[in-house]
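The values are calculated or read from the model by the stated rules, or taken from the named source; none is laboratory data. Source: prediction; values computed, not measured. FYI the Cβ positions are ideal-geometry reconstructions off the backbone, even for glycines, and counts take in every protein chain you see. The protein model used for the area step is the full one, side chains on, heavy atoms only, and it has no ligands, DNA or RNA in it. Shrake-Rupley method; radii C 1.70, N 1.55, O 1.52, S 1.80 Å.
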Amino acid sequence: MCFILPTLHAETPMERGKRLVSECLDALGGDRYLHMENREQSGRAYSFYREQLTGLSIAKIYTRYHNNVTDTAHELAQRERQNFGKKEDFGNLFGEQEAWDITFRGARPLPLDRFARYKESTIRDIFYILRVRFHESGLTFESRGAEVLQNAPVEIVDVTDADNRVTTVYFHQLTKLPVRQRFYRRDPVTKYKDEEITLFSKYRDVGNGVQWPFAIERERNGEKVFEIFSDAVTINSPKVLDSLFALPSSIKILKQQ
């Protein structure tokens, strides 16, 4: 008598990576996350230089996504308004091609290198990748195995695009949510590689099962540079109007410094 045993199939690193990222997307809210149109965050933002606190402000950050971008690897598919202070009377506006520093004096174009850093950091952010770039041609997800990070078991995945840009993401094994990401960016002045690390924690449901981290910390070359603690986060708010992401026609345009 002959018995035919089923063939056992072990996951390849690519298959495992894709599964882990898909599980993360489901944990973030699945289709509800993919159809998030806008987001409003309010809380306290801190900036640092050489580990020393250099700025503290009440912050409100508005983000609006749009779906008319075909080259998601190189073009931004979101606009972002960062307002600071109780009256939200100063801050930054980031568009698809340019960015502005806004004060009571007017609107001043941000330096090109600062906009370039913002753009690359956005395009390589795991939350943006999942919302905008998940089905992008040439995007791959490769598992690098498991380890323990800050006493938590994590799965590590390299997310690589067609330009060979890599974002390494650490997913919590139990919650499936991102707790850390890392990528390298070459400084345009020094030509050295900067290590950019972001830590995510304190996830909460922000509506219809969509999860978002209320604590985000950014490090550059091992030094903390930014931290935000959100008090409230809402999505798909009718209060997030298009006018938030455009300069008023009456505003004074200042020269770039």
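GNM on the chain, alpha-carbon springs under 10 angstrom: the most fluctuating residue among 72, 168, 54 is 54.
Helix 13-28 and the long axis of the chain differ in direction by around 50°, with both axes built from C-alpha atoms. Computed about its Cα centre, the charge dipole of the stretch 110-227 is approximately 220 debye, with only Lys, Arg, Asp and Glu carrying charge at their Cβ.
On a 0 to 90° scale, report how tilted helix 112-123 is relative to the longest principal axis of the chain, with both axes built from alpha carbons and the result rounded to the nearest 10. Helix 112-123 sits at roughly 30 degrees to that axis. Using the Cβ of residue 235 as centre and a radius below 14 Å, the other residues enclosed give a net charge of +2, where K and R count +1 and D and E count -1. For residue 255, list the lysines whose Cα falls under 22 Å from its own Cα; do not include residues on the same chain fewer than 8 positions away. Within reach: 119. Full extension of the segment from residue 137 to residue 166, taken as 0.36 nm per residue of separation minus the current Cα-Cα distance, would add 9.0 nm.
When the charge dipole of the stretch 196-257 is built from unit charges on Cβ atoms (+1 for Lys and Arg, -1 for Asp and Glu) and taken about the Cα centre, the candidate among 213, 257, 240 whose Cα reaches farthest toward its positive end is 257. Considering only 156, 73, 188, whose Cα is most displaced toward the positive end of the charge dipole of the chain, charges sitting on Cβ of Lys, Arg (+1) and Asp, Glu (-1)? Value computed over the given set: 188. Dipole size of the stretch 168-237 about its Cα centre, with +1 on Lys/Arg Cβ and -1 on Asp/Glu Cβ: approximately 260 debye, rounded to the nearest 20.
The largest-to-smallest principal axis extents of the Cα set in the stretch 10-84 are 50, 33, 25 Å. Other residues whose C-beta falls under 10 angstrom from the C-beta of residue 224 contribute a net charge of -2, scoring Lys and Arg +1 and Asp and Glu -1.
Electrostatic bookkeeping for residue 82 treats Lys and Arg as +1 and Asp and Glu as -1; over the other residues with beta carbon under 12 Å from its beta carbon, the sum is -1.
Label sites at residue 192 and residue 173, each approximated as a point 7 angstrom past Cα along Cα to Cβ, lie 3.6 nm apart.
Atom-type composition of the exposed protein surface of the stretch 1-131 places 54 percent of the accessible area on carbon and sulfur (1.4 angstrom probe). In the chain, the DSSP-assigned H stretches of four residues or longer account for a calculated mean residue ellipticity at 222 nm of -3500 deg cm²/dmol, using -39500 (n - 2.57) per stretch and the full residue count as denominator.
The residues of the stretch 153-227 have, on average, 47 Å² of accessible surface per residue, using a 1.4 Å probe with all protein chains present.
What value does the chain have for Rg/Rh, both radii from Cα atoms and Rh as Kirkwood defines it? Checking Rg against Rh, the ratio lands at 1.01. Highest average first, the peptides 220-228, 174-182 ordered by how many other beta carbon atoms sit within 10 Å of their residues are 174-182, 220-228.
Surface exposure of the stretch 3-119, expressed per residue as accessible area with a 1.4 Å probe, stands at 60 Å². By the rule of a C-alpha distance below 20 Å, with chain neighbours fewer than 8 residues away ignored, the lysines paired with residue 202 are 60, 176, 224.
For the chain, what does the relative contact order come out to in percent, with C-alpha contacts under 8 Å and a separation of six or more?
23 percent
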